[in-house]
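See structure below.
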Amino acid sequence: GDRTMKYEVAEDRNFPGDWRVEGINYEREGECYVAIFSGPAAKERAEEYATWQSSLAARSIRELATA
């Protein structure tokens with residue numbers, strides 16, 4: 001979990017109904033990781049995944065701060 005990672009959820013432009021979670025690392029030249037969710041409750045699952053990834057990043061930052 002990098003403190004510069006930002007997670008964004010958006011509906012895929014080319015495939016409506018599919019939802020993308022993009023993890024963007026602004027400190028590493030905009031390096032981007034993508035997870036795509038489709039099928040039942042795709043938006044809700046994508047949002048849950050983004051929240052989980054953000055919480056992992058936040059926990060890693062706290063652990064680094066107290067090390």
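The values are calculated or read from the model by the stated rules, or taken from the named source; none is laboratory data. Predicted model only: the values in this text are computed from it and were never measured. As a convention, Cβ positions derive from the backbone with ideal geometry for all residues, glycine included, and neighbour counts pool all protein chains shown. Calculation scope for accessible area: heavy atoms of the full protein, side chains included, ligands and nucleic acids excluded. Shrake-Rupley method; radii C 1.70, N 1.55, O 1.52, S 1.80 Å.
Okay, here's what the table says:
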read-out: Residue of 22, 47, 31 that the Gaussian network model of the chain assigns the largest fluctuation, springs spanning Cα pairs under 10 Å; value: 31
read-out: Accessible-area composition of the chain, carbon plus sulfur, in percent [1.4 Å probe]; value: 50 percent
read-out: Solvent exposure, largest accessible area first (probe 1.4 Å, DNA, RNA and ligands not counted), of 34, 9, 21; value: 34, 9, 21
read-out: Estimated vicinal HN-Hα couplings, Hz - the stretch 31-45 in sequence order (Karplus 6.51, -1.76, 1.60; Gly, Pro = x); value: 3, 10, 10, 10, 10, 10, 10, 9, x, x, 6, 4, 4, 5, 5
read-out: Answer label, with Kirkwood radius over Cα pairs in Å calculated from the coordinates and candidates (i) 12.6; (ii) 11.7; (iii) 14.8; value: (i)
read-out: Theoretical gain in end-to-end length, residue 14 to residue 27 [0.36 nm per residue, Cα-Cα removed]; value: 1.9 nm
read-out: HN-Hα J in Hz across the stretch 13-25 - Karplus 6.51, -1.76, 1.60, θ = phi - 60°, x for Gly and Pro; value: 5, 8, 10, x, x, 8, 10, 9, 10, 10, x, 10, 9
read-out: Amide proton proximity set for residue 18, modelled H, under 5 Å, gap of 5+; value: 12
read-out: Furthest towards positive pole of dipole, 15, 54, 41, structure part the stretch 1-60, Cβ charges; value: 54
read-out: Once exposed loop trypsin sites (Lys or Arg not before Pro) are cut out (DSSP; at most 11 other Cβ, 10 Å), longest piece of the chain; value: 29-67
read-out: Hz values of 3J(HN,Hα) by residue in the stretch 53-60 - Karplus curve (6.51, -1.76, 1.60), Gly and Pro given as x; value: 4, 5, 5, 5, 5, 5, 5, 4
read-out: Residues with amide H under 5 Å from that of residue 31, placed H, sequence gap 5 or more; value: 25
